[in-house]
1. Could you look through the stretch 173-216, keep only residues that are in a helix (DSSP H, G or I) and β-branched (Val, Ile, Thr), and pick out the one that is nearest to Ala160 (Cα to Cα)?
2. Of all residues in the stretch 54-69, count the ones that are closer than 14 Å to Ile18 by Cα, touching a strand residue (DSSP E or B) at 6+ places or on another chain (Cβ under 6 Å) and part of a loop (DSSP other than H, G, I, E, B).
3. Output the number of residues of the stretch 70-105 satisfying the condition of being of a type outside the set (Ser, Thr, Tyr), surrounded by 14 or more Cβ atoms within 10 Å (Cβ to Cβ) and part of a strand (DSSP E or B).
4. So is Val67 surrounded by fewer than 17 Cβ atoms within 10 Å (Cβ to Cβ) and modelled with pLDDT of 95 or more or not?
5. Can you tell me which condition Val10 does not meet? The list is (1) part of a loop (DSSP other than H, G, I, E, B); (2) open to solvent by 40 Å² or more (accessible area, probe 1.4 Å); (3) closer than 30 Å to Leu162 by Cβ, and all the others hold.
6. Out of the stretch 165-221, which residues are open to solvent by 50 Å² or more (accessible area, probe 1.4 Å), polar (S, T, N, Q) and under 24 Å from the mean Cα position of the chain (by Cα)?
Amino acid sequence: ASECPPTFGVDPGLVRAIIAGGERALRHAVEGAEDDGPAGAAAVQELEVSSADVVVGITAGGTTPFVHGALGRARDLGAATGFIACVPREQRPDDYDISIRLLVGPEVLAGSSRLKAGTATKLTLNALTTITMSRLGKTHRGRMVDVDTSANAKLVDRGARLVAEFGGVGRERALELLREANGRAKVAILMAARGLDAPAAERALEAAGGILDRTINPDKT
């Protein structure tokens with residue numbers, strides 16, 4: 001969730017993370033927090049989840065009350081619900097909209113879901129965000145083109161290479177276009193490819209739903 005804004009150029013509110021025990025639990029164990037179903041429901045309520053949202057719950061063993069409390073409230077609020085667990089569905093049934101079961105088998109250390117289950121879950125979340133961002137037009141031909149290069153030097157270099165590659169210009173021109181586009185690589189790419197200024201490139205992208213391929217190739221169906 002924290003990497004989606006710099007990686008894909010989305011608003012920080014688009015992908016939100018909730019963890020039992022709050023942010024403290026990212027660095028310190030908060031024992032008992034995962035057993036508090038009402039706290040999960042309250043966390044979803046606090047984010048003002050609605051029918052425009054999808055809420056995905058993660059529980060390796062499939063039983064965590066905090067997760068089920070959060071998903072239950074999300075469903076009551078009209079959101080779509082997804083469930084990720086590492087046990088067979090017949091062992092821990094659920095009735096959410098999407099059920100993803102990662103059957104990793106027994107852990108090397110019994111009960112230690114931070115091992116295979118944790119790794120498989122992370123891979124699944126990577127896939128979910130990659131697919132979602134691609135469908136939202138944040139990628140182009142296997143590249144993350146909706147990057148905001150104003151964050152650091154590494155991203156400036158990445159943006160310049162993207163503009164040079166897809167816009168067919170040299171590095172110096174690519175850097176110049178990035179500055180004119182206020183660091184937005186996708187806008188600069190379209191400026192280079194079609195000879196547009198920044199406002200015209202922004203309008204073209206908006207009309208195409210943010211899909212760069214449709215704007216570079218406007219006749220493509």
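1. Ile189
2. 1
3. 7
4. Considered against the rule, which asks whether it is surrounded by fewer than 17 Cβ atoms within 10 Å (Cβ to Cβ) and modelled with pLDDT of 95 or more, Val67 comes out as no.
5. (2)
6. Hit for the stretch 165-221 is Asn182, nothing else.
This table checks each residue for (1) touching a helix residue (DSSP H, G or I) at 6+ places or on another chain (Cβ under 7 Å); (2) in a loop (DSSP other than H, G, I, E, B); (3) open to solvent by 70 Å² or more (accessible area, probe 1.4 Å).
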{"position": "Ala120", "(1), (2), (3)": "no, no, no"}
{"position": "Leu123", "(1), (2), (3)": "no, no, yes"}
{"position": "Ala127", "(1), (2), (3)": "no, no, no"}
{"position": "Gly137", "(1), (2), (3)": "yes, yes, no"}
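The values are calculated or read from the model by the stated rules, or taken from the named source; none is laboratory data. Small disclaimer: the values here were computed from a predicted structure and weren't measured. When we count neighbours, we look across all protein chains shown, and the Cβ atoms used for this are built from the backbone with ideal geometry, even at glycine. Areas reflect the complete protein model, heavy atoms only, side chains present, ligands, DNA and RNA absent. Shrake-Rupley method; radii C 1.70, N 1.55, O 1.52, S 1.80 Å.
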